[in-house]
Amino acid sequence: FQKDVKSDLKLAVIYRVKNGGDVFFQKSLKKVSEFADFILVLDDGSTDKTEQIARSFEKVRFQKSQWKTFDEKRDRDFLVQWAAKLGADWVLSLDADEIPEDKMDRAFFERLMHPVNPQVKQWGFFWRTFWRGRDKFRADGIFGRMAGYRFYKVEPHQKILFSSEATLHTGNIPAFPRYSGRFTDGRIKHYGYDSPEDRSEDH
């Protein structure tokens, strides 16, 4: 990394949310408000307090989905295009139950936005998934290896390219050549499985 970099680059955070209106979404928005220039929230038919929570943050731009059908690829692609139209230079994609750890501040992301190698255009993070409470995370099996690219450089004509037949579990960011990605030591705290009710709902 380059050290102590400051710039006028615009950093956006994007969320695709349905019924995310709980303590984790609020904490996630509070954390990213510390370093984002603007935050985009696409609501996919929430029936809880998601909109109220999102609109309570000054940097949030909130939009309800215009579609009635489920299509995660379409929704995430909409967010990619929305961020680009608003002039974002780099974008971080998160879910409502994901919170960057404390050290991931503006200085952390400024360094990522100024890679020494100009071919680096996407950055990955490791997840820490909390289980049976909020003080322990799972390190076994797939949970211990969970990682992915979520922070990317905006370039022309980007799209979400891949999805399952059910348009579920798509990539969160546009496709990039494999050589353009690097992983950081930053970790994302994932609270989606911390209670039996949450685990059952996700299942």
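The table for this structure:
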| quantity | calculated |
| --- | --- |
| Dipole in debye (nearest 20) - region 116-187, about Cα centre, beta carbon charges: Lys, Arg +1; Asp, Glu -1 | 220 debye |
| For q = 0.09, 0.14 Å⁻¹, Debye-computed log10 I/I(0) when each Cα of the chain counts as one equal scatterer | -0.32, -0.83 |
| Theoretical FRET efficiency, 1/(1+(r/R0)^6), r = Cβ-Cβ of residue 47 and residue 7, R0 30 Å, to 0.05 | 0.15 |
| Range of Cα positions in region 52-131 per principal axis (Å), largest first | 43, 35, 26 |
| Virtual spin-label span in nm between residue 185 and residue 139, 7 Å along Cα→Cβ | 1.6 nm |
| Rounded accessible area of residue 170 (nearest 10 Å², 1.4 Å probe) | 10 Å² |
| Local electrostatic count at residue 12 - Lys and Arg +1, Asp and Glu -1, tallied over other residues with Cβ under 10 Å | +1 |
| Spacing of the two label points (7 Å from each Cα toward its C-beta) at residue 85 and residue 159, in nm | 1.7 nm |
| Inter-site label distance for residue 120 and residue 61 at 7 Å from Cα along Cβ, in nm | 2.8 nm |
| Per-pair calculated FRET efficiency, R0 = 25 Å: residue 147 and residue 107 via Cβ, rounded to 0.05 | 0.65 |
| Binned Cα-Cα distance frequencies in region 1-91 - 5 Å width, integer % | 3, 13, 25, 22, 19, 10, 5, 3, 1, 0 |
| Exceeding the 30 Å Cα-Cα cut-off - candidates 31/136; 68/121; 49/153; 18/153; 159/189; 64/103 | 68/121; 49/153; 64/103 |
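The values are calculated or read from the model by the stated rules, or taken from the named source; none is laboratory data. All figures in this text were calculated on a predicted structure; none of them were measured in a lab. Every residue, glycine among them, receives a Cβ derived from its backbone with ideal geometry; neighbour counts consider all protein chains shown. Note: areas computed on protein heavy atoms with side chains; ligands, DNA, RNA excluded. Shrake-Rupley method; radii C 1.70, N 1.55, O 1.52, S 1.80 Å.
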